[in-house]
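One structure is given below, encoded as C-alpha cells.
The values are calculated or read from the model by the stated rules, or taken from the named source; none is laboratory data. Bear in mind that the values here come from a model prediction, so they are computed numbers and not experimental data. Positions of Cβ are generated from backbone atoms using ideal geometry, with glycine treated the same way; all protein chains shown enter the neighbour counts.
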Amino acid sequence: MTVPTLTLNNGVQIPQFGYGTWQVPPESAQDRVAEALDVGYRHIDTAQMYGNEQGVGAAIAASGLARDEVFVTTKLNNNRHDPAVVAGSVDESLEKLGLDRVDLLLIHWPLPMIDIDFVDTWRALEEVYAAGKARAIGVSNFQPSHLRRVVQEGTVVPAVNQVEIHPYFTQDELRAVNSELGIATEAWSPLAQGEVFSDSALEAIARSTGRTVSQVVLRWHVQRGDIVFPKASSVERLKENFDLFDFELSAADMGAISALDAGRRIGPDPDTMSWVPEG
Ligand SMILES: NC(=O)c1ccc[n+]([C@@H]2O[C@H](COP(=O)([O-])OP(=O)(O)OC[C@H]3O[C@@H](n4cnc5c(N)ncnc54)[C@H](OP(=O)(O)O)[C@@H]3O)[C@@H](O)[C@H]2O)c1
C-alpha cells in the first residue's frame, strides 16, 4: 500500500494523502500526529490558526523519521496578512514546529473584504520562499478571480490551492481553473466533516465494493487527482482512512458520487469570509 506522490509546479513532491489537524486540540496534537505517523501517514496539514503546530513538531521530532520523510504544511493566519509581519510570523511557526523550513506554506484565506490586498501578502510569501523557509508556497480558499490576480501580478505561481471539496461540493469549475494555471488542488473537509456517513447512496457503494463509506469517499478524491488529508481521532479510523490504495472505484461509482454534488458549502464563502482573530 503506497501513497502516490504528486509533483508540484516547482518540482517538489507531495504525498497525495495525509493527516489534517484542524480541531485537533493542542494538548493532544502530539499523540494524534504520532499515531498518524505510526500508521504510515507522511503528510501533515496544520495551520497557525489551529494552535497545534507545537504538538505537530514534537511528534515529528519524536518519530525518529528523517526530515525529508515527512511533508509539513502550515498556513498564514488571517491576522498576519500585513506584509511587514509575514516573515516574522513564519519564523514563529518554524520555531513551534522545530523545523528550518516547511514543505508548503499557504495563505489561509484571501480575505478580499479587508484592507490588506492579498497580492501584497502573496509577495511577502514569495520573499519567504526565496529565503528558503518554505519549499513551496500556495494559497487556500482562493476563488478564480483571486488566483488570476496572484498569477498575473506575482512572480511565483502558487503550487496549490486548498479548497473545500466533498461529494456535496465538487468544485469542478474551480478545479479546472487550478489545472489551467498549473496549480494542484487540495480538498479540505473531504468527508464533509462527517456528513457523508449518513448518506444512503454512499452506503450502497460501500456495500457493493466491500469498503467503508470513508474509504469510498476518500478513494473518489484520490482518483479525481486531488490531494486529501482527512482528520480522524482514533487509530482505528486513521488506519481505515489510510487503507485506500489497493482498490479502485469503477467509472460508474465515480460518476454516482460526483452526481451527489449540490453546490453546498459547509464552510465559509471565501468571497465574504472576513474573520480576523485578535492579536
Ligand atoms: N484551508 C482551510 O480553510 C481548511 C478548512 C477546513 C479543513 N482544512 C483541512 O482539511 C482537513 C480535513 O478536513 P476536516 O477536518 O474539516 O473534516 P473531514 O476530514 O472532512 O472530516 C473529519 C470528521 O470525520 C470524522 N471521521 C474521520 N474518519 C472517519 C471514519 N473513518 N469513520 C467515521 N468518522 C470519521 C472525524 O471524526 P473524529 O475526529 O471524531 O474521528 C471528523 O468528525 C482539516 O483537518 C484541515 O487540515 C482546511
- Item | Selection count where residues are outside any strand (DSSP E or B), surrounded by 19 or more Cβ atoms within 10 Å (Cβ to Cβ) and either more than 12 Å from the ligand (Cβ to nearest atom) or not acidic (Asp, Glu) (or both), scope region 217-230 | 8
- Task: Give the number of residues within region 1-48 that are modelled with pLDDT of 95 or more, farther than 22 Å from LYS96 by Cβ and hydroxyl-bearing (Ser, Thr, Tyr).
- Result: 2
- Message: For region 79-113, which positions are β-branched (Val, Ile, Thr), away from the ligand (no atom under 15 Å from the Cβ) and over 22 Å from ALA59 (Cα atoms)?
- Response: VAL85, VAL86
- Evaluation of GLY88 against (1) surrounded by fewer than 18 Cβ atoms within 10 Å (Cβ to Cβ); (2) touching a helix residue (DSSP H, G or I) at 6+ places or on another chain (Cβ under 6 Å); (3) of a type outside the set (Phe, Trp, Tyr) (one fails), failing number: (2)
- Task: Take region 260-275 and flag every residue that is more than 14 Å from GLN143 (Cα to Cα), away from the ligand (no atom under 12 Å from the Cβ) and modelled with pLDDT of 95 or more.
- Result: LEU260, ASP261, ALA262, GLY263, ARG264
- Task: Can you tell me which residue among SER233, SER189, SER214 is more than 15 Å from the chain's Cα centre (by Cα), within 11 Å of the ligand (Cβ to nearest atom) and touching a residue at least 60 places away in the same chain (Cβ under 8 Å)?
- Result: SER233
- Message: Exactly one condition in (1) at positive phi; (2) not in a loop (DSSP other than H, G, I, E, B) is false for GLY132; which is it?
- Response: (2)
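Which residues, counting only those in region 234-247, are assigned to a loop (DSSP other than H, G, I, E, B) and loosely packed, with under 13 Cβ neighbours inside 10 Å? Give the derivation first.
Keep residues of region 234-247 that are assigned to a loop (DSSP other than H, G, I, E, B), which gives 234, 243-247.
Correct list: SER234, ASP246, PHE247.
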- Query: Name the residues in region 260-279 that are surrounded by 11 or more Cβ atoms within 10 Å (Cβ to Cβ) and small (Gly, Ala, Ser), would you?
  - Reply: GLY267, SER274
- Return yes or no: is VAL139 assigned to a loop (DSSP other than H, G, I, E, B) and either of a type outside the set (Ser, Thr, Tyr) or surrounded by 18 or more Cβ atoms within 10 Å (Cβ to Cβ) (or both)? no
- Report yes if some residue within region 97-107 is part of a helix (DSSP H, G or I) and either at pLDDT 95 or above or out of contact with any helix residue (DSSP H, G or I) (no Cβ under 8 Å at 6 or more places or on another chain) (or both); otherwise report no. yes
- Looking at GLU203, GLU173, GLU180, which one is within 14 Å of the ligand (Cβ to nearest atom), surrounded by fewer than 19 Cβ atoms within 10 Å (Cβ to Cβ) and in a helix (DSSP H, G or I)? GLU203
- Within region 1-24, which residues are small (Gly, Ala, Ser), buried (at least 20 other Cβ atoms within 10 Å of the Cβ) and either part of a helix (DSSP H, G or I) or more than 11 Å from the ligand (Cβ to nearest atom) (or both)? none
- Any chance region 25-45 includes a residue that's surrounded by fewer than 17 Cβ atoms within 10 Å (Cβ to Cβ), touching a residue at least 12 places away in the same chain (Cβ under 8 Å), within 14 Å of the ligand (Cβ to nearest atom) and not in a helix (DSSP H, G or I)? yes
